[in-house]
Amino acid sequence: MSELSVRAEKLDAADELGGKRGEFVLDDVVYLDGNSLGALPAVVPGRVEDVVRRQWGELRIRSWEESGWWTAPERIGDRIAPLVGAASGQIVVGDSTSVNVFKALVGAVRMAEEGRDEIVIDATTFPTDGYIAESAARLTGRTLRPVAPADVPAALGDRTAAVLLNHVDYRTGRLHDLPGLTAAVHRAGAYVVWDLCHSAGALPVGLDEHGVDLAVGCTYKYLNGGPGSPAYLYVRRELQDRFDSPLPGWNSHAEPFGMRTGYEPASGAPRGRVGTPDILSMLALEAALEVWDGVSVAAVRAKSLALTDFFLECVAEYVPEGRVECVTPVAHEERGSQVALRCGDAGDVMKRLIEQGVVGDFRAPDVLRFGFTPLYVGFAEVERAARVLARTLA
């Protein structure tokens with residue numbers, strides 16, 4: 001047994017989150033793709049069966065009231081709120097991340113002062129955010145300005161209406177400076193929208209603490225909500241009465257069952273709703289969030305950094321020198337909860353890793369991406385993944 005494998009066993013024995021692993025449906029595969037799709041919480045299948053058989057099958061229409069279907073978007077939003085550093089009443093769950101990016105970005109532009117005709121966007125953003133931002137710019141008559149996150153403060157000015165940024169870069173795992181960039185946007189008199197898809201559930205966010213205006217995120221990564229589970233929209237309480245959604249559906253009306261021809265927006269978080277919520281996936285998400293009971297985000301972050309540090313150490317020890325290049329920052333304050341390794345034949349390497357029971361993913365053209373979900377990934381698994389990677393690359 002190697003020195004690193006012995007250390008891994010000791011680290012697992014001392015892991016305060018180790019007991020959470022038993023709350024997931026897992027096997028002997030080393031699953032390092034939770035930054036794309038989280039593992040299944042064990043409570044979810046039984047809860048979904050109840051929703052289908054009893055709430056839908058027996059109560060039917062009565063479940064909108066008796067089973068709490070109607071209030072689910074806000075109720076589940078309040079379950080997510082502590083994980084992103086928000087007080088209750090500011091998050092609504094529903095729609096996809098893309099739809100919520102559109103709502104948030106157009107809403108931010110509509111709040112901006114006259115004469116502000118630019119939307120600044122992270123030039124390295126996930127492609128969909130870029131597509132949505134381009135469409136939002138066309139629809140609002142603004143100019144889209146892609147800028148590297150590090151260059152955002154210098155790019156801001158009296159023409160800036162809104163800024164769309166990613167908290168963690170999806171490809172490299174780089175953690176961007178949410179407090180500093182939010183403050184810079186506010187000094188310029190603009191509004192900021194943060195995409196939290198690769199940070200929520202993996203590290204502290206501090207939406208309220210840092211005065212973030214609007215934020216969006218998915219729930220199927222570190223929040224383990226299931227494939228295609230609904231996303232969420234955060235609107236800071238002080239801005240809610242000014243938030244003018246570009247998608248004013250009947251669910252966000254002040255009197256949704258009044259069936260009025262004129263639109264009057266609801267107050268608070270429900271203003272971010274659109275149409276009828278997707279109840280089956282939403283209630284699966286609500287059940288999945290129970291794994292967070294009794295868990296502090298600080299503890300999750302501490303383990304995330306320990307896992308990624310240990311993986312990088314194992315890779316340096318096991319993998320032949322020069323075979324891979326780490327593109328994820330080493331500094332803790334600049335790292336999310338993933339490690340990205342550049343490798344010339346990355347696509348083929350990842351296929352072979354998966355065949356050997358180590359699941360990560362590949363991002364074209366040359367990146368091996370490994371996500372570390374602290375609730376169910378252990379140190380022995382990390383050491384094993386590095387050994388298998390070394391054997392594959394030898």
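The values are calculated or read from the model by the stated rules, or taken from the named source; none is laboratory data. Everything numeric in this text was worked out from a predicted model, so none of it was measured. Ideal geometry is used to build each Cβ from the backbone, glycine not excepted, and the neighbour counts take in all protein chains shown. Note: accessible area is taken over every heavy atom of the protein model, side chains too, but ligands, DNA and RNA are not part of it. Shrake-Rupley method; radii C 1.70, N 1.55, O 1.52, S 1.80 Å.
Assorted remarks:
- Dipole in debye (nearest 20) - the chain, about Cα centre, beta carbon charges: Lys, Arg +1; Asp, Glu -1: 540
- Rounded Å value of the spacing that divides the Cα centres of region 135-205 and region 32-70: 34
- Of the residues P179, V93, F257, the one whose Cα sits farthest toward the positive end of the charge dipole of the chain, with +1 on the Cβ of Lys and Arg and -1 on the Cβ of Asp and Glu, is F257.
- For region 212-347, alpha-carbon Rg and Dmax in angstrom: 21.4, 68
- Considering only the chain, percent of DSSP beta bridges that pair antiparallel, nearest 5: 50
- Working note: Cα gyration tensor of region 183-246, eigenvalues times five, square-rooted, sorted largest first, giving semi-axes of 23, 15, 9 Å.
- The chain: calculated mean residue ellipticity at 222 nm from DSSP helix runs of at least 4, using -39500 (n - 2.57): -10000 deg cm²/dmol
- Rel. contact order, % - alpha carbon contacts under 8 angstrom, at least six apart, the chain: 23
- Taking the convex hull of the alpha carbon positions in region 337-394 and averaging its projected area over all directions gives 3.7 nm².
- Kyte-Doolittle at least -1.0, axis length at least 18 Å by Cα - qualifying DSSP helices, the chain: 97-111, 127-140, 297-318, 379-393
- Contact order relative to length of region 305-394, as percent, for alpha carbon pairs under 8 angstrom and 6 or more apart: 38
- Calculated P(r) tail over 39 Å for the chain, as whole % of Cα pairs: 20
- Shape call, region 88-218: gyration tensor on alpha carbons, a/c limit 1.5: rounded
- For region 115-175: relative contact order, % (alpha-carbon pairs under 8 angstrom, 6 or more apart): 50
- Solvent-accessible area, 1.4 Å probe, carbon plus sulfur percent, for the chain: 53
- What the Cβ-Cβ distance of E264 and R110 gives, at R0 = 22 Å and to the nearest 0.05, is a FRET efficiency of 0.85.
- In the context of the full set of protein chains, the chain has a per residue accessible area of 41 Å² (1.4 Å probe).
- Ranked by solvent-accessible area (1.4 Å probe, protein heavy atoms only, all chains present), the residues K303, K351 order from largest to smallest as K351, K303.
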